[in-house]
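Asks: Below you will find the structure I want to go over with you.
The values are calculated or read from the model by the stated rules, or taken from the named source; none is laboratory data. Being a predicted model, the structure only gives us computed values, none of them experimental. Please note: Cβ atoms are built from the backbone with ideal geometry, for glycine as well, and neighbour counts cover all protein chains shown. Accessible surface areas use protein heavy atoms only, side chains included; no ligands, DNA or RNA. Shrake-Rupley method; radii C 1.70, N 1.55, O 1.52, S 1.80 Å.
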Amino acid sequence: MPLLGKPLFAPIGLTSLFFALVASLQAVPTLDPQRNLLSGPPELHRLGEDIPGIEAALLPHGQWSPFPRAADRAAWEGLAPATRTSLITRGVEQIDPPWTVLPATRFLDYVRNGDRSSYQTLLAAKRNRLVALVLAECAEGQGRFLDAIADGLWAHYEESFWGYPAHVFMQRAGSGLPDVTEPTVDLGVSEAAALLAWVDYLLGPELDSVSPLLRQRLRYEVERRFLAPCLDRSDFWWMGWDTQGHPINNWNPWIVANWLSAALVLETDPLRRARHVEKAQRVLDIFINHYPADGGCDEGPSYWGRAGASMFEALDWMYGASGGRIDIFDRPLIAKMGRYILTTHVGNQWYINFADANARSDPDGPLVYRYGKATQDTELASFGVWLSRFNSDLTAIPRGGSIGRIIPALFLAAEMAQQPALDPLPLDGWLPDLQLMTARDRAGTTEGLYLTAKGGHNDESHNHNDVGSFIAYLDGNPLLIDVGPEAYTAKTFSAQRYEIWTMRSAWHNAPLVNGYEQAAGREFAAQDVTYEADAQQATLSLDLRAAYPKAAAIKTWRRTLCLKRGQALELTDHYELTEAKAPQAFHFLTNRAVDLKTPGTVHLGVFPGDASGRGASL
């Protein structure tokens with residue numbers, strides 16, 4: 001079935017697909033449970049292996065300065081005048097309103113009706129308000145915002161739980177209201193703890209002028225709710241020693257980055273500080289050990305910002321706090337994990353959106369720039385500069401925006417303005433462990449056809465049953481799509497996940513075989529996967545037989561996707577069944593207008609809102 005950009009090209013005979021392919025690439029991710037890039041095997045006796053070594057490597061408390069404190073008036077007053085004005089204006093808007101009390105009944109919405117967003121929306125607004133006030137005080141430096149900040153800190157101290165309703169299952173009492181006698185650590189707890197730690201870092205002496213007890217209480221709450229549980233417990237699933245059935249995913253580096261920032265900023269005892277770093281290294285090593293050698297994120301690009309990017313932050317905090325002595329930025333895997341976000345970029349704000357990823361994404365440009373600088377990847381750094389044009393208002397605070405990311409962006413703006421901005425749009429991409437390919441008609445442009453397709457298995461993190469599915473773009477706009485996830489509810493990560501239509505293979509660009517959809521589980525995977533690309537075409541070929549239950553009666557199902565550059569996207573399904581139970585159905589999802597008037601041809605209209613764009617024919 002040739003998919004052709006107008007003007008229409010004659011279909012290419014199917015026999016042209018049967019050419020020799022390169023050596024088969026098997027569906028075995030290259031994982032190394034013994035990498036331990038940070039903690040290292042004991043026989044190497046290198047830095048980071050033991051607590052005394054870490055203690056000796058770390059700078060004394062208070063000497064680490066990842067960005068200017070509020071007292072550094074020259075730095076803050078050196079920001080662009082428009083930036084300072086905007087920060088102060090946003091802060092003024094947040095001085096007078098009363099602080100929100102988070103209701104118990106909103107927290108209970110999750111167990112009562114599956115709603116996980118209502119409470120989190122209130123929580124995010126409260127934290128964003130505190131961030132706005134802190135940034136305003138740093139920008140102005142006159143004490144005008146300190147009382148409002150004190151009220152905001154106090155309101156955070158008085159919350160029973162800093163985490164999210166969907167994550168309270170981690171406590172022994174189970175889901176419902178949080179048990180204040182058993183502090184558990186989830187993403188929300190780690191974000192709150194890191195926020196308070198950075199407030200202490202930025203405004204410590206200024207807060208003391210309001211009351212010394214403000215910082216005393218701050219340290220008490222962060223220690224009780226976050227630092228002590230991280231150090232004393234090893235049974236949180238995200239640590240990786242007992243995953244309790246959860247995949248190792250973005251929780252690990254996200255929490256570790258916040259853990260390190262809080263410990264490095266607040267902990268004054270050198271030995272205890274080193275203990276935090278040593279354990280955080282072992283936990284982060286588990287995440288890195290589980291990462292495929294190709295650097296690919298199976299959660300998708302919109303999750304990369306809290307997976308590979310959070311890992312970078314954790315490494316960056318340790319690098320800075322040790323004066324560069326703790327450093328693994330030269331490791332090829334770390335560099336590959338950064339380039340993933342570039343490889344999966346389709347064009348403009350469009351990204352590959354397999355799994356629960358969103359098709360539109362907005363990666364943090366300054367963070368990508370920092371990653372590229374740290375790994376000496378000039379192309380990635382330039383891509384970060386290019387990305388910054390989509391979030392040029394550095395004073396805007398996204399929902400759940402981390403102050404530890406916002407402030408570096410403020411102080412990098414002048415440097416980045418002097419750097420080249422580049423969107424490479426590579427011709428091809430191939431991640432052999434994820435079995436993910438990308439291809440476009442020409443490098444450096446979104447003009448023409450773009451193809452991305454995947455093999456893999458149906459037990460990935462944030463998995464959809466989508467082995468052999470593909471996505472196509474035309475002139476930079478979606479053509480055949482993956483609809484992505486619905487808004488998360490209690491059902492999303494439950495045993496009923498695959499009752500949700502967006503998670504099922506019937507709602508992906510995959511075949512329905514003998515009336516059967518694909519099944520969930522690691523054993524439901526692509527087999528005999530081959531990939532080849534040259535100047536004329538890029539081809540992914542794989543057997544889908546094992547992705548379906550045995551009842552589908554598949555003997556072999558060879559799917560081949562070929563982008564013939566400048567001509568067509570060609571799909572061939574060659575299959576044998578042991579039994580014919582129902583007609584086979586070939587699914588193609590699009591958000592474009594569909595015209596079925598011509599027998600044997602499906603005409604796809606222009607992309608919605610793009611009257612001057614092109615359509616295509618299937």
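Asks: State whether the residues of the stretch 27-38 include one that is at pLDDT below 95, assigned to a helix (DSSP H, G or I) and open to solvent by 80 Å² or more (accessible area, probe 1.4 Å).
Replies: No, that holds for no residue.
Asks: Determine which member of the set Tyr516, Tyr488 is modelled with pLDDT of 95 or more, open to solvent by 10 Å² or more (accessible area, probe 1.4 Å) and of a type in the set (Phe, Trp, Tyr).
Replies: The unique qualifying residue is Tyr516.
Asks: Report, ordered by the first and then the second residue, all pairs with beta carbons closer than 7 Å, sequence separation of six or more or different chains, a first member in the stretch 392-418 that is charged (D, E, K, R), and a second member that is open to solvent by 20 Å² or more (accessible area, probe 1.4 Å).
Replies: Arg399/Asn128; Arg405/Asp364
Asks: In addition: Would you pick out the residues in the stretch 356-393 that are within 16 Å of the chain's Cα centre (by Cα), hydrophobic (A, V, I, L, M, F, W, C) and part of a helix (DSSP H, G or I)?
Replies: If the condition is that a residue be within 16 Å of the chain's Cα centre (by Cα), hydrophobic (A, V, I, L, M, F, W, C) and part of a helix (DSSP H, G or I), then Leu367, Val368, Leu387 are the ones that fit.
Asks: Now for a different question. State which residue pairs qualify: first residue over 16 Å from Tyr201 (Cβ atoms) and inside the stretch 57-86, second residue of a type in the set (Lys, Arg) and in a loop (DSSP other than H, G, I, E, B) in any location, beta carbons under 7 Å apart, and separation of 6 or more residues or different chains.
Replies: The qualifying pairs are Ala57/Arg325.
Asks: So, one more: Please state which one of Thr590, Thr598 is closer than 21 Å to Leu451 by Cβ and among the hydroxyl-bearing types (Ser, Thr, Tyr).
Replies: Testing whether each residue is closer than 21 Å to Leu451 by Cβ and among the hydroxyl-bearing types (Ser, Thr, Tyr) leaves just Thr590.
Asks: How about the stretch 575-597: which of its residues are over 20 Å from Ala472 (Cβ atoms) and open to solvent by 40 Å² or more (accessible area, probe 1.4 Å)?
Replies: Within the stretch 575-597, Tyr575, Glu576, Leu577, Thr578, Glu579, Ala580, Lys581, Pro583, Gln584, Lys597 qualify.
Asks: Taking the stretch 312-362 only, how many residues are of a type in the set (Lys, Arg), over 23 Å from His290 (Cα atoms) and free of Cβ contacts under 8 Å to residues at least 60 places away in the same chain?
Replies: Residues that pass the stated criteria total 1.
Yes/no per residue for (1) in a strand (DSSP E or B); (2) of a type in the set (A, V, I, L, M); (3) surrounded by 13 or more Cβ atoms within 10 Å (Cβ to Cβ):
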{"residue": "Glu570", "(1), (2), (3)": "yes, no, yes"}
{"residue": "Pro599", "(1), (2), (3)": "no, no, no"}
{"residue": "Val606", "(1), (2), (3)": "no, yes, yes"}
{"residue": "Arg614", "(1), (2), (3)": "no, no, yes"}
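Here is a yes/no grid of residues against (1) in contact with a Pro (Cβ under 7 Å, 6 or more places away or on another chain); (2) open to solvent by 40 Å² or more (accessible area, probe 1.4 Å); (3) not in a loop (DSSP other than H, G, I, E, B):
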{"position": "Pro408", "(1), (2), (3)": "yes, no, yes"}
{"position": "Leu412", "(1), (2), (3)": "yes, no, yes"}
{"position": "Gln419", "(1), (2), (3)": "no, yes, no"}
{"position": "Gly429", "(1), (2), (3)": "no, no, yes"}
{"position": "Asp433", "(1), (2), (3)": "yes, no, no"}
{"position": "Thr438", "(1), (2), (3)": "no, no, yes"}
{"position": "Tyr450", "(1), (2), (3)": "no, no, yes"}
{"position": "Ala453", "(1), (2), (3)": "no, no, yes"}
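Asks: Here's something else I'd like to know. Among the residues that make up the stretch 205-225, is at least one of them in contact (Cβ under 8 Å) with a residue 24 or more places away in the chain, buried (at least 20 other Cβ atoms within 10 Å of the Cβ) and of a type in the set (S, T, N, Q)?
Replies: Within the stretch 205-225, none of the residues are in contact (Cβ under 8 Å) with a residue 24 or more places away in the chain, buried (at least 20 other Cβ atoms within 10 Å of the Cβ) and of a type in the set (S, T, N, Q).
Asks: For the structure I just gave you, tell me whether His156 is of a type outside the set (Val, Ile, Thr) and open to solvent by 10 Å² or more (accessible area, probe 1.4 Å).
Replies: So His156 does not fit the description; no.
Asks: With respect to Pro398, is the statement that it is in a loop (DSSP other than H, G, I, E, B) and in contact with a helix residue (DSSP H, G or I) (Cβ under 6 Å, 6 or more places away or on another chain) true?
Replies: Taking the combined requirement at face value, the residue does not satisfy it.
Asks: Within the stretch 168-176, is even one residue closer than 24 Å to Gly91 by Cβ, without any contact (Cβ under 8 Å) to a residue 24 or more places away in the chain, out of contact with any strand residue (DSSP E or B) (no Cβ under 6 Å at 6 or more places or on another chain) and surrounded by fewer than 23 Cβ atoms within 10 Å (Cβ to Cβ)?
Replies: For the stretch 168-176, residues closer than 24 Å to Gly91 by Cβ, without any contact (Cβ under 8 Å) to a residue 24 or more places away in the chain, out of contact with any strand residue (DSSP E or B) (no Cβ under 6 Å at 6 or more places or on another chain) and surrounded by fewer than 23 Cβ atoms within 10 Å (Cβ to Cβ): absent.
Asks: Can you tell me which residue in the stretch 536-553 is nearest to Leu436 (Cα to Cα), limited to those that are aliphatic (A, V, I, L, M) and surrounded by fewer than 23 Cβ atoms within 10 Å (Cβ to Cβ)?
Replies: Checked the stretch 536-553; the qualifying residue nearest to Leu436 (Cα to Cα) is Ala546.
Asks: Test His290 against the criterion of being modelled with pLDDT under 95 and touching a Pro at 6+ places or on another chain (Cβ under 9 Å), and give yes or no.
Replies: Yes; evaluated as a whole, the condition is true for this residue.
Asks: Can you tell me which residues in the stretch 179-190 are in contact (Cβ under 8 Å) with a residue 40 or more places away in the chain and open to solvent by 30 Å² or more (accessible area, probe 1.4 Å)?
Replies: Passing the criteria: only Pro183.
Asks: Moving on. I'm trying to understand the selection: among the residues of the stretch 519-535, which are in a loop (DSSP other than H, G, I, E, B), open to solvent by 10 Å² or more (accessible area, probe 1.4 Å) and touching a residue at least 12 places away in the same chain (Cβ under 8 Å)?
Replies: Result: Ala519, Ala520, Ala535.
Asks: A follow-up question, please. In contact with a Pro (Cβ under 6 Å, 6 or more places away or on another chain) and either within 16 Å of Asp200 (Cα to Cα) or open to solvent by 70 Å² or more (accessible area, probe 1.4 Å) (or both), is that true of Glu137?
Replies: In short, no.
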